[in-house]
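Just below is one structure, and these are the notes that go with it.
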Amino acid sequence: MSAALPAPIVRVRPTGWRLGEVVERARSLPEETAVCLSYDRVSHAVMMATPADLEDFALGFSLNEGIIARAADLLELAIQPTEHGIELRMWLAESCGDAFLQRRRQMAGPVGCGLCGLESLAEAMRPPPAVTSDLRLSEAAIGAAVAALPRAQELHRQTGAVHAAGFWTPERGLVELREDVGRHNALDKLAGALARTGRSAAGGAVVMTSRVSIELVQKAAAMGAPVLIAISAPTALAVRAAEAAGMTLIAVARSDGFEVFTHPERLQTRAAHHVA
């Protein structure tokens, strides 16, 4: 008998101390599960993730990491619960499978420790693809995109402990949203959700509830998103990567405003300019 998929939310009853008193209450926690992504029976990566929207995760991770070029290159997916986690078993189109095996051979370390050494450093620092789009966003549109996230974060509303990645367009508002304990996983799930519906990211903005690291810029650029908006600050490396990719990076986006770090030409604003 095979194991069942774990629920994404677990109910617990912690004992708390509030204002000097003992308080017992029920609390919902997000589940965190080891998820192994394998291709053509070769294990590639293990991620700690929320066990929800796993089809989107498998497809989005494969696209964002350049393992496949389009959704049709992923021929088959099997979601297999195991004693220690979940395996996402994927089978690739022949050309992608050959390229994947060659990539594994080039990146494997000389002592069999997996992805290590200089090749992996180069892979981690890979330049993001160039982003091209004539999208323009107003101040009000950016504010609307940020404000739309909390209303759609059902998992976060119950747990208060997960990240979200959403896709927002001026015409339709928040089109898709995915949540996960890992911010990278949430973005991969969003990429998979868009790819499964054939929707391009070129016509809107990716909006995230986290800080911005280089991996998020790389993944958003792989999706073709011209604008990345986040509620927290970026790293300096993420700013350099977004600048090089032609991506507009907007961060520290709150109810009272935001900061534009790269390619401000996509922003339509009438605000006065002040230097602090």
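The values are calculated or read from the model by the stated rules, or taken from the named source; none is laboratory data. None of these values were measured; they are calculated from a predicted model. A quick note on method: Cβ atoms are made from the backbone with ideal geometry, for glycine too, and the neighbour counts reach across all protein chains shown.
Hey, can you tell me all the residues within segment 16-37 that are in a strand (DSSP E or B) and surrounded by 18 or more Cβ atoms within 10 Å (Cβ to Cβ)? Show your work before the answer.
Filtering segment 16-37 down to residues in a strand (DSSP E or B) leaves 16-18, 21-24, 27-30, 33-37.
Pro30, Thr33, Val35, Leu37 - these are the residues of segment 16-37 that are in a strand (DSSP E or B) and surrounded by 18 or more Cβ atoms within 10 Å (Cβ to Cβ).
Screening Val46, Val10 for residues that are among the β-branched types (Val, Ile, Thr), in a strand (DSSP E or B) and under 30 Å from Leu75 (Cα atoms) leaves exactly one candidate, Val46. Of all the numbered requirements in (1) within 19 Å of Leu149 (Cβ to Cβ); (2) crowded, with 19+ Cβ neighbours inside 10 Å, Ala222 misses one, and that requirement is (1). Among residues of segment 33-56 that are not assigned by TED's automatic domain parsing to the domain that holds Asp73 and modelled with pLDDT under 95, none has a Cβ under 8 angstrom from a residue that is small (Gly, Ala, Ser) and surrounded by fewer than 21 Cβ atoms within 10 Å (Cβ to Cβ) at a sequence gap of 6+ or on a separate chain. Of the residues contained in segment 226-245, one or more are found to be buried (at least 17 other Cβ atoms within 10 Å of the Cβ), in contact with a Gly (Cβ under 8 Å, 6 or more places away or on another chain) and touching a residue at least 40 places away in the same chain (Cβ under 8 Å).
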